[in-house]
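Heads up, the thing below is written out as structure tokens.
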Amino acid sequence: MSRRKKIYEGKAKILYEGPEPGTIVQHFKDDATAFNNQKKATLEGKGVLNNRISEFIMEHLNRMGVPTHFIKRLNMREQLVREVEIIPLEVVVRNVAAGSIATRFGLPEGEPLPRSIVEFYFKDDALQDPLVSEEHITAFNWATTQELDDMIALALRINDFVSGLFAGAGIRLIDFKVEFGRLYDQNDMSRIVLADEISPDSCRLWDMTTNEKMDKDRFRRDLGNVTEAYAEVARRLGIMREADQNRDTEEA
Ligand code: UDP
């Protein structure tokens, strides 16, 4: 096997230099972390599932005209993506109160919000990803006003589309986190595209009828059967059987 250049290793993913300039290989690990790295585990098969689920969602978004970094899946754990300059923000869209918004405002978990809410968190582990306002973002030059408008518009389009996709599978999209990047063209002009991943690691997904959690909260809250829940999400989206058939393409 040839040695590839590792560009970055995060908590759940590794980025390698891609085969052509401007491309990157995104590798999904089985590692899970929560509470700013205080809780760690390896969940066998999680990376494979997240690779498939994120591929499925990004492909649909690309087809709908929502620009993403996704090019194609390479194997069970890896996908080819466009190299982008990541904007140092976690963009969270919420439909129903859960997690930090429930704690912050004393809302009961599961209470629908009056409307979908977009929030920004500054990506900085040492600061524990603080909630920031649009004023902070433009004043500190993390993004321009135009980029902010684009991110909000894209986040809401993604929310509408992905909510519908999951609703069709009997799953409620409670909230999710996305990251955006700048994709540069030959003239050094940039546009905002969806980057990173959309998977049960980055979404809250509740069964529509039982409210059972089918996402990373199973790990955060020690509810057990984490990968089983992710596999059920994949199965309901109709992507599980194909995943089995392609197992032989996995890299050693
Ligand atoms: N989220 C994420 N990565 C983070 C923080 C949050 O993917 O570092 C996702 C989380 O899975 C949920 C949404 O963003 O779907 C909102 O998370 P919240 O602010 O409630 O964070 P929590 O308090 O659960 O960490």
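Readers should treat all values here as calculations from the given coordinates under stated rules, not as data from a laboratory. Values in this document were obtained by computation on a predicted structure and should not be read as measured data. Backbone-built Cβ (ideal geometry, glycine too); neighbour counts: all protein chains shown.
Tabulated values for the structure
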| read-out | value |
| --- | --- |
| Around residue 179: net Lys/Arg minus Asp/Glu count, Cβ-Cβ under 12 Å | -1 |
| Chymotrypsin sites (Phe, Trp or Tyr not before Pro) lying in DSSP loop within region 94-188, provided at most 14 other Cβ fall within 10 Å | 140 |
| Size of charge dipole - region 66-147 - debye, nearest 20, with Cβ of Lys, Arg +1 and Asp, Glu -1, no other charges | 420 debye |
| P(r) histogram, all alpha-carbon pairs of region 88-193 included - 5 Å bins from 0, percent | 2, 11, 19, 21, 19, 15, 8, 3, 1, 0 |
| Restricting region 1-45 to GluC sites (Glu not before Pro) in coil, as DSSP defines it, with at most 16 other Cβ within 10 Å | 44 |
| Positive-end residue of 75, 121, 131, charge dipole of region 26-139 with Cβ unit charges | 75 |
| Assigned charges on the beta-carbon of Lys, Arg, Asp, Glu; the chain dipole about Cα centre (debye) | 500 debye |
| Highest-fluctuation residue, 164, 47, 181 considered, GNM on the chain with Cα pairs under 10 Å | 164 |
| The chain: translational diffusion in µm²/s, Stokes-Einstein, Kirkwood Rh over Cα pairs, 25 °C, 0.890 mPa s | 131 µm²/s |
| Selected from 180, 158, 227, residue furthest toward positive end of dipole (the chain; charges at beta carbon) | 227 |
| Cα centre as origin, Lys/Arg/Asp/Glu Cβ charges: region 129-202 dipole, Debye | 260 debye |
| GNM top mover of 210, 33, 145 - the chain, alpha-carbon springs below 10 Å | 210 |
| Karplus (6.51, -1.76, 1.60) ³J(HN,Hα), θ = phi - 60°, over region 88-101, in Hz, Gly and Pro reported as x | x, 10, 9, 9, 10, 10, 10, 10, 9, 5, 6, x, 5, 6 |
| Placed amide H near residue 86: partners under 5 Å, 5+ positions off or other chain | 182 |
| Residue-by-residue Karplus 3J(HN,Hα) for region 40-47, coefficients 6.51, -1.76, 1.60, Hz, glycine and proline x | 9, 6, 10, 10, 4, x, 4, x |
| Reachable lysines, given that their alpha-carbon falls under 27 Å from the alpha-carbon of residue 72 and they are not under 8 places away in the same chain | 5, 6, 11, 13, 29, 46, 123, 177, 216 |
| Among 57, 97, 35 the positive-end extreme of the charge dipole of region 1-145 (Cβ point charges) | 57 |
| Mean projection area, nm², convex hull over Cα of region 119-252 | 11.7 nm² |
| Amide H contacts under 5 Å for residue 129, placed H, 5+ residues apart | 124 |
| Charge context of residue 37, other residues only, Cβ under 9 angstrom, K/R +1, D/E -1 | +2 |
| Listed residues 187, 159, 225, most fluctuating in the chain (Gaussian network, C-alpha, under 10 Å) | 187 |
| In Hz, Karplus ³J(HN,Hα) per residue of region 59-67 (6.51, -1.76, 1.60; θ = phi - 60°; x = Gly, Pro) | 4, 4, 5, 4, 5, 7, x, 8, x |
| Cβ-defined net charge surrounding residue 129, 13 Å radius [Lys, Arg +1; Asp, Glu -1] | -2 |
| Longest segment of the chain lacking trypsin sites (Lys or Arg not before Pro) that sit in a DSSP loop with at most 11 other Cβ atoms within 10 Å | 6-220 |
| Inter-probe distance in nm under a simple model that places probes 7 Å from Cα toward Cβ, at residue 113 and residue 136 | 1.6 nm |
